[in-house]
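Notes follow once the structure below has been shown.
Since every read-out is calculated from the coordinates, none of them should be taken as a lab result. These numbers were taken from a predicted model, which means no experiment stands behind them. Ideal geometry is used to build each Cβ from the backbone, glycine not excepted, and the neighbour counts take in all protein chains shown.
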Amino acid sequence: MSSALDEDTRETLDAGRETAGAMLRAAQKDLQKVFIFFLVGFLGTFYALRLYIWDFLKRITRAQMSAQVDGEVSIIAQTPFDVILLQAKIGLVVGVVLALPAFIYFSRDALKERGLWPSSPVPVWQLALILLAMATLFVLGVAYGYFVFFPFTFAFLAQNAIAAGFSPTYSIVKWAQFIFLLTASFGLASQLPLVMTGLSYAEIVPYETFRDKWRHAVVGVFAVGAMFTPPDPFTQIMWAIPVLALYGVSLYLAKVVTTARRGSEKMDVKASVRAHWNAIAGVGVLGGALVYAFFEYGGVGYVNDALAMIGSDYVVYAPSSLAVLGGYALLAALAGAVVAVGYFVYYDLDDLAIVEAGVGDPSAIDLADLDAAGVRAAPPEVFESMSEDEVMAAAGDALDAGEKEKARTIVDRFDAVDAAAGDGEDTEGGSEDAAESDASGSGSQSAAGGRSATGSIGDRATRAGNAFFDAFRGDSDASPAADDGTGGDDADGTVAIADEEDDIGGYYTDLQFILESVTSNAFRLVGVFMLVLAGTFGWLYTGGIKRVYEDFLSRLPAQVTPDEVLNVVALHPMEALVFEVKFSTIVAAIVTAPLLAYYAWPALRERDIVRHRRRAVFVWTGTLAVGLLGGFVLGYTTIAPTVISWLVNDAVLANMVIAYRITNFFWLIFFTTAGIGLLADVPILMILLNSTGVGYRTMRGRWREVTVGVLAFAAVFTPADVLTMFLVTIPLMVAYGIGLGVLFVLTLGGRRDLSPARGADV
């Protein structure tokens, strides 16, 4: 495993282990105190849950539900140990959270030795103020979740499940985990701006660290979401996106306070107000006018009507007198003016920081603070002090920010400065050095278009930049030869590449070329995919899934009564919604696949993967559609009712209470209906691929890769358990084996494929 990690990662892991060990040794004498914090959190949470919190959470869950929906919702324990184990688990988490700050404090000596403790002294009152603000914001975020977000959310989710014909019978474990997960999310989200701005202002963690490590933050957020959210990718994304949005807002606030702190000696609020008094006054007047217009021209009525439409009991009241209304407008005007003053003070400080960064030391200018015009106007010393890797990193950051022109300008300026430096060295070197330069640089000029050897770094930056932008644009005509300024590789390299066409590298090259070829049509593909997904989800959400369910029940044999299978329950508040999204995604992917094949077909022909013309896509689509629909009809009319009837009869004979979970019951129906069609399409697709040049021996030799791909598909689009993954994977691989058997007969054991295959191994 260690060989798969680069040297920096291994060093970071080793340093982390050493730091953790040092912290444990430093806090060893105070571990009893840390344990007391843990015990208080654990026992306090355990008994608070038993005595008060469960009833409070149930009231919050049902707060905005109508009487009809409230009567349908129930919270159950699936095992006798659910409640007590859940209370212990939550208590453990709270205990660890309370004990962690104490542990860090008592191990501060080890952190100081490693330079991980704040280098500049932070007054106690500032720390206390930061902690108080964090606690206040946490309470506000949790209060918003419990009194605003949760009631509407649970009412919506329960109504959605009932409209689909399901019973919202929530497992107490899943229900409580969902609530506490969102509680922690609201607490984290509410204090993230303060944490980042406070750390940046106190220089505990510089603003530049938050800015430069944003990719690590994205990975960390998704990793935390994968660990603490329900095992479903959609729920993880729903958790991660708001946190990432707040990270962006916090990053901007951190930049504001950092700029204000570093430029506090240069700050001149009066000068900023005098320079922008008209804009500040305009913002204040606009804020007051908007508040006045809201109350005076029916805004209160619109808001109350909207609240009533969503079932809320909250009401907004209009001012009781004209004086109160004037007071509201005046407060809004003052708030707008204060915000405008803060903005213009920061704006002036930011401009001053950019200008003064190059005074006396032009290389101190940060390219991240400049736009494309600023990069073009920057002094050459900025680029002379940078390495090629630093330039490409800066260009990459600009591309990530959507500033393509700035990224291109950074690379061009570096190339120009480097070329000028090379020309200057050639001029100063004298005739002897010039002759030597000519002798050594002639090969470089012939290969790099007349550039001297000293300019080779700039050439490499230019070529790398061109390749970088070509890959970003998805230019289908970009090739390694086009990016190479040497005029072509040697014969040995060409032969080596040709010899590896059938290895993983060759397949990766083909795949990259195909993906680049469909980039120009990505908008259409995404548009079709999203339209189909939205349409399918809308149909399911508005009762389509219930109509399909009732129609399916009518096809069951007479000995299976509908009452025996109508009890389909949702154990998780979001289970019905997640199933609808997953099913809609599968339908959208199936519908979009033929369009993707149509746009990718020219590239497939150019790489000699297929031989037929593009009109063959219609033949493929029709053939696969017939197989899919035929298998679906067979499964819907015969196989699925037979399987469901057998399962229901078996449960009834055992005197069991039947309550099927949404995920299991509907995926069973899907697998025994549309799944039959997908299985039938596997051999058909293999025959079609063989007719285009994919040989029988290639398919037989690549069965391991196919198995991995099927497992990945099953992990994403099926319920999150290992058993279901194998229940999907095994039939698909059996169908793949049947396809190999059919091809063995049709191709005479691979000796004569339906079409001449590409590659020497076929």
Subject >> the range 516-746, dipole about Cα centre (Lys/Arg Cβ +1, Asp/Glu Cβ -1), debye to the nearest 20 >> reply: 1020
Original post:
Between Thr136 and Val97, what is the label-to-label distance in nm when each label sits 7 Å out along the Cα-to-Cβ direction?
Top reply: 2.0
Subject >> Summed residue charge, Cβ within 12 Å of Met196's Cβ, Lys/Arg positive, Asp/Glu negative >> reply: +3
Original post:
What nm value, rounded to one decimal, do you get for the distance between Lys89 and Leu331 when each label is placed 7 Å out toward the C-beta?
Top reply: 4.4
Subject >> Length released on extending from Ala67 to Val591, taking residue separation times 0.36 nm less the Cα-Cα span >> reply: 184.6 nm
Subject >> Local electrostatic count at Gly95 - Lys and Arg +1, Asp and Glu -1, tallied over other residues with Cβ under 14 Å >> reply: +2
Original post:
Label points 7 Å out from Cα along the Cβ direction at Leu290 and Leu723: separation in nm?
Top reply: 5.6
Original post:
Between Arg661 and residues 5 or more places away or on another chain, which pairs have amide H atoms under 5 Å apart, with H built 1.01 Å from N, and which residues are they?
Top reply: Val569
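What does the C-alpha gyration tensor say about the overall shape of the range 516-746? Classify as rounded when a/c is under 1.5, otherwise prolate if a/b is larger than b/c, or oblate.
prolate
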Subject >> Dipole-positive endmost among Gly701, Thr585, Ala715 within the range 516-746 (Cβ charges, Cα centre) >> reply: Gly701
Subject >> Long-range HN-HN contacts of Ile76 with modeled amide H, under 5 Å >> reply: Tyr170, Ser171, Ile172
Subject >> Set Lys112/Lys213; Lys213/Lys255; Lys546/Lys582; Lys174/Lys546 screened for pairs whose C-alpha atoms are more than 18 Å apart >> reply: Lys112/Lys213; Lys174/Lys546
**OP:** Would you mind getting me the FRET efficiency between Val124 and Ala22? Use the beta-carbon distance for r and R0 = 25 Å, nearest 0.05.
**Re:** 0.50
Subject >> Positive dipole terminus of the range 19-262, leading residue within Gly248, Gly71, Phe103 (C-beta point charges) >> reply: Phe103
Subject >> Potential extension, Asn664-Asn304 segment - 0.36 nm per residue separation minus Cα distance >> reply: 125.4 nm
Subject >> Cα-based Rg of the range 19-262 normalised by 2.2 N^0.38 Å, two decimals >> reply: 1.17
Original post:
Once the dipole of the range 516-746 is set up with Lys and Arg at +1 and Asp and Glu at -1 on Cβ about the Cα centre, which of Gly622, Ala680, Gly538 lies farthest towards its positive end?
Top reply: Gly622
Original post:
Counting other Cβ atoms within 10 Å of each Cβ, which chymotrypsin sites (Phe, Trp or Tyr not before Pro) in the range 53-143 have at most 15 and sit in a DSSP loop?
Top reply: Phe81
**OP:** Would you mind pulling out the separation of the Cα centroids of the range 365-396 and the range 48-123, in Å?
**Re:** 47
